[in-house]
1. Can you check what the net charge comes to around residue 63, using other residues whose Cβ is under 15 Å from the Cβ of residue 63 (Lys, Arg +1; Asp, Glu -1)?
2. Could you point to the residue in 39, 57, 87 farthest towards the positive end of the stretch 30-91's charge dipole, with +1 and -1 charges on the Cβ of Lys/Arg and Asp/Glu respectively?
3. Among residues other than residue 53 whose Cβ falls under 15 Å from its Cβ, what is the net charge (Lys/Arg +1, Asp/Glu -1)?
4. In whole percent, how big is the carbon plus sulfur part of the accessible area of the chain, probe 1.4 Å, protein atoms only?
5. With unit charges on the beta carbon (Lys/Arg positive, Asp/Glu negative), name the residue among 76, 10, 48 whose Cα is farthest towards the positive pole of the charge dipole of the chain.
6. Could you work out which residue, out of 27, 67, 47, moves most in a Gaussian network model of the chain, that is, has the largest mean-square fluctuation with Cα springs under 10 Å?
7. Using just the helices of the chain, give the 222 nm mean residue ellipticity in deg cm²/dmol: DSSP H runs with n ≥ 4 each add -39,500 (n - 2.57), and the total is spread over all residues, rounded to 500.
8. Note down the magnitude of the dipole of the chain about its Cα centre, charges +1 on Lys and Arg C-beta and -1 on Asp and Glu C-beta and zero elsewhere, to the nearest 20 debye.
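The values are calculated or read from the model by the stated rules, or taken from the named source; none is laboratory data. The structure presented is a predicted model; accordingly, all values stated were derived computationally and were not measured. Here the Cβ positions follow ideal geometry from the backbone for every residue, glycine too, while neighbour counts run over all protein chains shown. To get the accessible areas, we keep the full protein, side chains included, count just its heavy atoms, and leave off ligands, DNA and RNA. Shrake-Rupley method; radii C 1.70, N 1.55, O 1.52, S 1.80 Å.
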Amino acid sequence: MRHGPGSAAFALDPDLPGLALAEDVLEELLGRRPLRVAMGATIPVGEVFARHLGAGTVFFSFSTADEDYHAPNEFFRLSSFRTGLKAWVRLLERLGRELR
């Protein structure tokens, strides 16, 4: 059921191969397996990709809750930026190997 304007909610298939690859990369970089959590967002493209392309979308970002993203006092730690760069390189390498 929809309540007002906005995009429809969506959920990832927990067995999505890209999700497992992303978790593997994060575990290697950060030393612990990430926790899967449900959260709301204002990014409608996940539902659009699922509906039109039949594709699951893994959001792979590196801001943390205390960085107040999209707020007047928003900031982003340089350490998160560096970790994100390393993680994206590793994830793209693995995805490329999987697609061969």
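1. Numbers: positive: 77, 82; negative: 66, 67, 68, 74.
Result for the local shell: -2.
2. Value computed over the given set: 87.
3. In short, -1.
4. Values: 4720 of 7900 Å².
About 60 percent, which is the carbon plus sulfur part of the accessible surface.
5. 48
6. In this elastic network of the chain, the residue with the biggest mean-square fluctuation among 27, 67, 47 is 67.
7. Values: 3 runs with 45 residues, N = 100.
The helix-only estimate for the chain comes to -14500 deg cm²/dmol at 222 nm.
8. Numbers: 12 positive and 13 negative charges, 44 e Å.
Charge dipole, the chain, about its Cα centre: 220 debye, nearest 20.
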